[in-house]
Amino acid sequence: MAEQLRANTRAVYRDLEVLEELKIPLYTDKNGRESFWKLDLDYRNRLSIPFSLSELLSLYLAQDSIRPLDGTVLSDSLQSLFEKVWAVLPKPLFRQMVELRGSFISGIPAQKNYGDYREFIKVIQEAIEGRKVLQLLYHPRDQSPAERRVNPYAVHLHNGSLYVIGHCHLRKDIRTFVVDRMQKIKQTEDSFVMPPDFSLESYLRHSFGMFTEELVRVKVRFHKSLTRYLLERRWQPSQKNKKLKDGSLEFAFEVAGTTEIKTWIMGFGSLAKVLEPASLVKEIKDDLGRALRSYAKL
């Protein structure tokens, strides 16, 4: 067994002990001077756990990723799936998985409580499945509430917030709606046809977050103290890096709108400087000027 599994003998014995602890019916079969461990054929046919420990652990950790959706139909459905899987696991395997989970924490915060929007999310889900138009009373940021009719194409959970992406009848274009800005919702009897070329991944490809506007090139220079940190991850698919002689770093992006990337850039304070476009440079200068004036009053 050790030779076939390319493992040492001690590891094989440990595996056999685990099988015995799981109460799996093993027996030895002698063939002359050699002994073979065998698994009862009837039991082997009944045993159906097509998951590795790492796969089960990944599934277990997935619970953390949807914590903002606790109390909604989406969370309930995933919890039902978990319970069905856990029910067929042998107790020692389940115990081992729980112990390992303590070493793998996702750290995804439950920033919002979507349990209060349980019925809204159920209506949205049913409208997407049935291809039905939604009637919303929607309250955009810095605007008054307004009636909207939306063909819902997809739901996306991003940074703890839930968004509906679909065709807005008022704007006659695809728009993004934050679920917690919906004050009323109703599924209508009107049907819509899903565009065959719509893809959520393609729609968000140039976005720096969730919202898409006109495509624009943004170039930013960062202080050398941030270079290592910034290169540790890819911030946006179009990102291009250029390391300069003084150790500083230039990022170039092709993004759909500058609203979200501006917030990201300003988060680095004086360690980041926008080089283009000129319109974004002016926006940030104006914002910083207003900030300085507000602090001058203190």
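Only the coordinates and a few stated rules stand behind these numbers; no lab work does. Everything numeric in this text was worked out from a predicted model, so none of it was measured. Note that each Cβ is placed from the backbone with ideal geometry, even for glycine, and that neighbours are counted across all protein chains shown.
Look at the alpha carbon pairs under 8 Å that are at least 6 residues apart: their mean separation over the length of region 160-298 gives a relative contact order of 21 percent.
When only DSSP loop residues count, what chymotrypsin sites (Phe, Trp or Tyr not before Pro) in region 124-225 have their Cβ near at most 16 other Cβ atoms within 10 Å?
Sites meeting the loop and neighbour criteria: PHE198, PHE211.
Using only the Cα atoms of region 249-288, build the gyration tensor, take square roots of its eigenvalues as a ≥ b ≥ c, and label the shape rounded, prolate or oblate: rounded if a/c is under 1.5, else prolate if a/b is larger than b/c, else oblate. It is rounded, given that a/c, with a ≥ b ≥ c, falls under 1.5. Pairs exceeding 32 Å between alpha-carbon atoms, taken from LYS224/LYS282; LYS243/LYS282; LYS38/LYS84; LYS172/LYS273: LYS172/LYS273. Among the chymotrypsin sites (Phe, Trp or Tyr not before Pro) in region 243-298, those located in a DSSP loop and surrounded by at most 15 other Cβ atoms within 10 Å of their own Cβ are PHE268. Among the trypsin sites (Lys or Arg not before Pro) in region 200-279, which ones are in a DSSP loop with at most 13 other Cβ atoms within 10 Å of the Cβ? Mind listing them? Taking region 200-279 and a limit of 13 other Cβ atoms within 10 Å, the loop trypsin sites (Lys or Arg not before Pro) found are ARG233, ARG234, LYS245. Treating each Cα of region 225-296 as an identical point scatterer and summing with the Debye formula, the log10 of I(q)/I(0) at q = 0.18, 0.27 Å⁻¹ comes to -0.79, -1.45. What is region 115-197 by shape, rounded, prolate or oblate, if you read a ≥ b ≥ c off the alpha carbon gyration tensor as root eigenvalues and call it rounded for a/c under 1.5, prolate for a/b larger than b/c, and oblate otherwise? The shape class here is rounded.
Taking a straight line from the alpha carbon of LYS219, these aspartates and glutamates sit under 15 Å away, with near neighbours fewer than eight places off in the same chain left out: GLU250, GLU254, GLU260, GLU276, GLU283.
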